[in-house]
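Enquirer: There's a structure below that I have some questions on.
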């Protein structure tokens with residue numbers, strides 16, 4: 001999930017609005033809205049953020065929340081820890097989301113299944129054995 005996806009979900013729930021209705025109101029492609037909601041896409045154009053604010057935000061605080069979420073999502077990479085995003089005197093988050101940690105949906109689903117089945121002795125042995133192999137394969141830093 002991304003900051004924008006969390007903000008979108010919160011405002012969609014608050015307005016009791018579906019993503020399909022949001023697409024209809026804003027004219028933004030439903031697939032794009034789906035990618036924002038899942039966090040698989042964090043880039044949002046200025047025009048689209050304005051459309052989202054117009055459709056979902058009822059006051060300045062809600063508009064600021066959407067804009068700040070967008071800014072938090074793009075705050076990545078070297079030096080990102082030096083950037084602070086604020087709404088008035090409220091800090092959104094101290095630490096940036098680690099760069100490049102979002103996995104493709106199929107891999108996320110695979111890890112979810114592994115977590116759900118870790119109580120199974122065979123699954124646990126396979127996972128732990130794989131982890132040990134990977135740990136041994138890493139080159140040692142000198």
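The values are calculated or read from the model by the stated rules, or taken from the named source; none is laboratory data. All values reported here derive from a predicted model rather than from experimental measurement. We place every Cβ from the backbone using ideal geometry, glycine too, and count neighbours over all the protein chains shown.
Enquirer: Kindly indicate whether any position in the range 91-111 is within 18 Å of the chain's Cα centre (by Cα), modelled with pLDDT of 80 or more, exposed (fewer than 13 other Cβ atoms within 10 Å of the Cβ) and not in a helix (DSSP H, G or I).
Expert: For the range 91-111, residues within 18 Å of the chain's Cα centre (by Cα), modelled with pLDDT of 80 or more, exposed (fewer than 13 other Cβ atoms within 10 Å of the Cβ) and not in a helix (DSSP H, G or I): absent.
Enquirer: Please work out which one of (1) modelled with pLDDT of 80 or more; (2) touching a strand residue (DSSP E or B) at 6+ places or on another chain (Cβ under 8 Å) is the condition residue 71 fails and give its number.
Expert: (2)
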